[in-house]
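Beneath this line is the structure, given in structure tokens, with notes to follow.
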Amino acid sequence: MGFERRLAAPLLALFSMLACAPSDGAMAPTPSGSASESPSGGSTSGGPPSGGDIGAPGIGDPDFPTDGNGGYDVTHYDLRIGYTPSSKQLDGVATIEAKATQQLSRFNLDLAGYKVSDVVVDDEKAVFSRTGSELSVLPATPLAKDAGFTVKVSYAGIPTPVKDSSNLGTYGFIPTADGAFVACEPNGAKTWFPANDHPADKAAFDVTITVPEGVTALSNGEQVGEPATAGGKTTYHWREKHPMVTYLATATIGRFEVRKGRTSGGIASFAAVDPKFRGSLDSLYTVSGEVTDYWSKIFGPYPFSSTGGVIDDFSAGYALENQTKPLYGGFNPDESIIAHELAHQWFGDSVSIKQWRDLWLNEGFATYAEWLWAEHKGTNTADKLFETYRARAATDPIWKYPPGRAQPRDLFNESVYTRGGMTLHALRKAIGDDTFFQLIKTWTSDHKYGSVTTDEFVALAEKLSGKDLKPLFDAWLFQPVKPA
Ligand code: TRP
Ligand code: ZN
């Protein structure tokens with residue numbers, strides 16, 4: 001069951017790389033003059049000082065201090081992207097609607113690479129500067145607390161995906177022979193659009209992609225209208241109206257064969273494969289539909305307006321649960337992986353984490369879903385799988401790594417997946433099947449489209465079972481030893 005390819009080693013190299021990357025020259029002072037260097041105040045690595053009415057350069061995740069930004073909440077991203085596969089040139093105009101959560105004389109967006117030509121806030125040109133992947137914006141008029149505002153960023157360049165030294169490989173906007181493979185967890189959205197790049201800030205998306213005629217562009221949610229072709233270029237407009245975290249947004253581009261329809265349960269479905277995987281299109285479509293319908297019974301109603309999947313010819317060696325359209329990197333996914341990625345639509349995509357350390361709420365649940373799928377198909381049982389992993393020696397690394405506190409340098413450790421899944425099985429045995437599956441459904445409905453923490457899950461489990469479950473969760477999630 002283990003999908004070892006997705007397991008990663010240290011991500012540290014990546015973060016230092018992002019933090020230290022020199023600006024590409026887009027330190028454009030402005031039309032109207034003095035792009036002030038830093039105002040006075042304490043300096044934070046990678047970003048401008050914060051405090052007073054300055055938005056913080058990070059959203060407040062203690063393990064990823066410069067990811068995301070403080071001082072505002074994004075409600076909508078309107079991304080207009082032009083991409084030419086032969087030159088890898090990306091031209092973007094991002095219009096971001098947000099609400100200030102404090103008074104703001106300046107605020108940051110995350111953007112890695114590109115030359116920024118223009119930033120406009122509420123129709124007035126703004127002063128901006130770049131430090132690493134922090135784009136700092138000084139609106140002409142300060143924003144009042146609770147004010148809605150619009151920031152429009154024009155940018156262009158050749159995308160620079162993140163190359164992680166671990167076996168997670170490369171992520172972000174990755175140019176391929178015929179287009180691009182776009183999988184951005186944990187913080188690669190900034191490689192293709194200016195973002196509040198952290199899962200705690202969810203927003204709706206419109207993604208409009210213009211590509212050479214003959215090339216297909218895929219994004220989340222549904223297509224708005226038919227693709228329009230003019231002057232040798234085709235424009236695709238996609239809309240994800242449900243809140244989405246930035247790392248799940250995609251603009252996957254290339255030659256694709258497509259199958260559309262509805263699942264037996266009536267959910268719209270869209271599958272696409274690179275021509276090299278044309279033999280897998282029907283099985284991807286069929287299994288994805290079957291899995292979506294089954295999870296809708298077990299986890300609660302499907303939270304989005306369509307399901308499906310995409311196989312691209314890029315040997316990422318991993319899959320990512322992109323909202324409505326999981327993306328499989330250069331392989332024909334088996335049922336177990338499809339079950340995993342589609343379980344993420346409930347756990348991770350609809351119910352999202354507030355902090356990366358709670359990642360087991362995504363990966364432990366999606367791993368446990370693989371076991372539930374095997375149980376459903378009669379090929380195995382969750383209990384047998386649980387016992388197999390529990391038989392691992394006390395010296396196995398899985399017992400040293402407490403999955404309830406995912407480590408920033410090793411976020412996707414196997415423990416977060418497997419011991420996270422085991423935690424759910426131990427819970428199921430402790431509270432019984434009825435309460436366990438009621439808990440899962442209550443969890444997905446109480447927090448639909450929201451953001452959660454481990455404490456909230458523990459509290460709900462205790463409430464529904466009437467049991468003190470702290471010792472169980474402590475042993476499985478937080479202790480660096482094999483649970484008794
Ligand atoms: N969340 C993915 C899964 O479990 C794995 C993953 C982690 C990933 N980091 C990634 C995929 C970065 C793509 C890019 O299926
Ligand atoms: Zn996963």
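The values are calculated or read from the model by the stated rules, or taken from the named source; none is laboratory data. Note that this is a predicted model, so its numbers are computed, not measured. So basically every Cβ, Gly included, is an ideal-geometry build from the backbone, and we count neighbours across all protein chains shown. Only protein heavy atoms, including side chains, enter the accessible area calculation; ligands, DNA and RNA are left aside. Shrake-Rupley method; radii C 1.70, N 1.55, O 1.52, S 1.80 Å.
The residues listed here are ALA394, ALA343, ALA316; of these, the one that is among the hydrophobic types (A, V, I, L, M, F, W, C) and modelled with pLDDT under 95 is ALA316. Among strands (runs of 3 or more DSSP E) entirely within region 85-150, having at least 3 residues that are in contact with an Asp or Glu (Cβ under 7 Å, 6 or more places away or on another chain) and aromatic (Phe, Trp, Tyr) singles out no element at all. Candidates are the residues of region 413-467 that are under 24 Å from the mean Cα position of the chain (by Cα) and without any contact (Cβ under 8 Å) to a residue 12 or more places away in the chain; the one that is most open to solvent (accessible area, probe 1.4 Å) is ASP455.
Residues of region 134-179 that are among the hydrophobic types (A, V, I, L, M, F, W, C) and within 14 Å of ligand 1 (Cβ to nearest atom): VAL162, LEU168, PHE173, ILE174. Counting only residues that are among the hydroxyl-bearing types (Ser, Thr, Tyr) and surrounded by 24 or more Cβ atoms within 10 Å (Cβ to Cβ), which one in region 329-371 is farthest from HIS198 (Cα to Cα)? That would be TYR368. With respect to the stated conditions, THR160 is open to solvent by 20 Å² or more (accessible area, probe 1.4 Å) and in a loop (DSSP other than H, G, I, E, B). For region 116-154, a residue qualifies if it is without any contact (Cβ under 8 Å) to a residue 40 or more places away in the chain and surrounded by 16 or more Cβ atoms within 10 Å (Cβ to Cβ), and the qualifying residues are VAL119, VAL120, VAL121, VAL137, PRO139.
Scanning region 212-251 for residues that are touching a His at 6+ places or on another chain (Cβ under 9 Å), of a type in the set (Val, Ile, Thr) and without any contact (Cβ under 8 Å) to a residue 24 or more places away in the chain turns up just one, VAL224.
None of ALA249, ALA272, ALA319, ALA268 is open to solvent by 10 Å² or more (accessible area, probe 1.4 Å), more than 12 Å from ligand 1 (Cβ to nearest atom) and either within 28 Å of TYR83 (Cβ to Cβ) or assigned by TED's automatic domain parsing to the domain that holds TRP192 (or both) except ALA268. Only one entry in ASP312, ASP396, ASP349, ASP383 is more than 14 Å from ligand 2 (Cβ to nearest atom), among the charged types (D, E, K, R) and closer than 19 Å to SER269 by Cα, namely ASP312. Here THR246 fulfils each of the conditions (1) over 21 Å from VAL211 (Cα atoms); (2) in contact with a Ser or Thr (Cβ under 8 Å, 6 or more places away or on another chain) apart from (2).
Residues that are assigned to a loop (DSSP other than H, G, I, E, B) and either within 16 Å of ligand 2 (Cβ to nearest atom) or on the phi < 0 side of the Ramachandran plot (or both) do not occur anywhere in region 235-244. Scanning region 317-346 for residues that are hydroxyl-bearing (Ser, Thr, Tyr) and either more than 23 Å from ASN380 (Cα to Cα) or within 11 Å of ligand 2 (Cβ to nearest atom) (or both) yields TYR318, THR324, TYR328. Scanning region 373-387 for residues that are surrounded by 24 or more Cβ atoms within 10 Å (Cβ to Cβ) and in contact (Cβ under 8 Å) with a residue 40 or more places away in the chain turns up at least one hit.
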